[in-house]
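The values are calculated or read from the model by the stated rules, or taken from the named source; none is laboratory data. What you see is a predicted model; the values in this text were computed from it and never measured. Glycine gets a Cβ as well: all are built from the backbone with ideal geometry, and neighbour counts include every protein chain shown.
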Amino acid sequence: MGIRMRSILVMGVLGLLAIAVIGITSYKLSVNNALAEAKTKSNIILNYAMATKNYMAQVQKPLVQELIEKDRFYPELMSGFVAARGTFDIFKQASPDYVFKQATIDPLNPSNRADADEIEFIKNFDQNRSLKSSEGRITKNGTEVFYFAQPIRTDKSSCLTCHGDPYDAPKDQIEIYGDETGYNWKMNDTVAAFVVYIPTAAAIAAAKNLALTLVLVGAGGIVMILLILWFFLDRSVVLPIVQLAEKTESFSLGEQLNDPIVATSKDEIGALSHAIERLRISLVKLLQ
């Protein structure tokens with residue numbers, strides 16, 4: 001294998017390795033950026049839902065309780081969870097891909113019942129009491145999503161007013177939700193989790209497309225560079241060496257000894273030309 005082919009082969013291998021590193025790095029960075037953006041969005045959604053819930057509990061509910069009978073219960077006016085869920089349902093009309101859920105193991109409202117993944121989130125929060133949140137990527141309904149979850153614990157006695165003994169719960173609540181599920185909770189139990197799901201399939205696909213584009217552009221650039229390198233080596237290295245080799249072969253046979261070699265460059269090829277020219281002169285003197 002000649003110098004030209006070996007040089008092209010080495011450059012090609014190094015170029016392919018560089019393209020692979022660039023493609024993989026680009027894909028990972030794009031995916032990480034997509035997940036970071038999904039986490040930011042989920043935090044915004046969850047914080048807004050919590051603000052709605054807290055406003056309901058701290059401001060609206062006390063005012064409503066002053067206006068109605070003690071045993072009355074209107075979820076839309078008195079439940080922070082219902083308000084947060086209702087607000088998000090309106091928000092969801094503009095952003096249907098986002099999901100916010102109060103995932104509960106034993107809920108009053110059946111729509112809040114936790115699925116298998118969400119039950120694992122809640123169990124994890126219960127087993128790790130210091131854990132304030134969890135996040136990651138899972139597949140829901142055949143689509144990859146980013147989830148962000150925070151635990152819900154019965155840390156206030158007011159929680160047990162509605163979710164403790166059904167006998168103590170507001171009568172309106174019993175009429176709306178029944179008395180079979182959503183009760184007999186215990187203080188400091190981890191009973192549910194707020195979970196936000198953000199779709200990531202489009203972002204991951206975009207990351208793959210970007211990485212593929214960079215690889216293709218890089219491959220095209222490498223091919224162009226190799227062609228230029230091939231032309232350069234052929235004109236500046238291989239051809240002069242071949243000509244010098246032919247001259248040296250002729251000198252070894254005693255031919256063309258009167259044809260001087262003129263160095264056309266000052267690089268290594270030029271130095272080799274000077275050396276062979278001195279060899280020619282030496283052979284001429286020796287023969288004389």
**Prompt:** Which condition number in (1) loosely packed, with under 12 Cβ neighbours inside 10 Å; (2) on the phi > 0 side of the Ramachandran plot is the one that Gln256 fails?
**Reply:** (1)
**Prompt:** Within region 171-199, can you find the residues that are aliphatic (A, V, I, L, M), farther than 25 Å from Phe91 by Cα and touching a strand residue (DSSP E or B) at 6+ places or on another chain (Cβ under 8 Å)?
**Reply:** Val191
**Prompt:** Of the residues Leu131, Leu160, which is aliphatic (A, V, I, L, M), at pLDDT below 85, over 22 Å from Ala34 (Cα atoms) and outside any strand (DSSP E or B)?
**Reply:** Leu160
**Request:** Scan region 77-122 residue by residue and report those that are more than 24 Å from Thr143 (Cβ to Cβ) and among the basic types (Lys, Arg).
**Result:** none
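When you check Arg153 against the structure, is it surrounded by 14 or more Cβ atoms within 10 Å (Cβ to Cβ) and either of a type in the set (Lys, Arg) or without any contact (Cβ under 8 Å) to a residue 24 or more places away in the chain (or both), yes or no?
Yes.
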**Request:** Could you tell me whether Val10 is out of contact with any strand residue (DSSP E or B) (no Cβ under 8 Å at 6 or more places or on another chain), at pLDDT 80 or above and in a helix (DSSP H, G or I)?
**Result:** no
**Request:** Scan region 206-240 for residues that are under 30 Å from Arg280 (Cα atoms), surrounded by fewer than 16 Cβ atoms within 10 Å (Cβ to Cβ) and in contact with a helix residue (DSSP H, G or I) (Cβ under 7 Å, 6 or more places away or on another chain) and report the count.
**Result:** 1
**Asked** Name the residues in region 83-128 that are over 16 Å from Lys53 (Cβ atoms), in contact (Cβ under 8 Å) with a residue 60 or more places away in the chain and in a loop (DSSP other than H, G, I, E, B), would you?
**Response** Asp97, Tyr98, Ile105, Asp106, Ala114
